[in-house]
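Just below is one structure, and these are the notes that go with it.
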Amino acid sequence: MKLNRIQVEIFKQLSGEMGADVDSYIKDTSMEFIGVQRDRLEDLSEEEGDTWINKMYVLSLADFGNNIPQ
């Protein structure tokens, strides 16, 4: 199954934050997040998209936690 439209929008936002087009972002970071090389957004399955988005969310929480004043 391919990505749903919410996942597509999330990947557009993530790639925009990195200053890259979506396909370049996927190609450059897919091994890091899903352990499989993917070259285009269309190559991702819905499950791979969920895994990737979940990892990005966990990383963002860790970054947020590190920036909380003590």
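The values are calculated or read from the model by the stated rules, or taken from the named source; none is laboratory data. Since the model is a prediction, treat every value here as computed from it, not as a measurement. Here the Cβ positions follow ideal geometry from the backbone for every residue, glycine too, while neighbour counts run over all protein chains shown. The protein model used for the area step is the full one, side chains on, heavy atoms only, and it has no ligands, DNA or RNA in it. Shrake-Rupley method; radii C 1.70, N 1.55, O 1.52, S 1.80 Å.
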Seminar exercise, completed: Considering residues that are open to solvent by less than 40 Å² (accessible area, probe 1.4 Å) and within 13 Å of residue 52 (Cβ to Cβ), the number found within segment 1-26 is 9
Exercise. Which residues, counting only those in segment 1-46, are of a type in the set (Ser, Thr, Tyr) and closer than 17 Å to residue 57 by Cα?
Worked result: 15, 25, 29, 30
For this session: May I ask you to list the residues in segment 27-49 that are open to solvent by less than 50 Å² (accessible area, probe 1.4 Å) and either touching a residue at least 40 places away in the same chain (Cβ under 8 Å) or touching a Phe, Trp or Tyr at 6+ places or on another chain (Cβ under 7 Å) (or both)?
Result: 33, 34, 41, 44, 45, 46, 49
Seminar exercise, completed: Residue pairs qualifying under the 8 Å Cβ cut-off, at least six apart or on distinct chains, with the first in segment 6-24 being closer than 21 Å to residue 46 by Cβ and the second being open to solvent by 40 Å² or more (accessible area, probe 1.4 Å) and in a helix (DSSP H, G or I), are 7/46; 7/50; 14/56; 15/24; 22/12
Problem set entry | Hits in segment 50-65 - residues which are open to solvent by less than 50 Å² (accessible area, probe 1.4 Å) and either modelled with pLDDT of 95 or more or of a type in the set (Ser, Thr, Tyr) (or both) | 52, 53
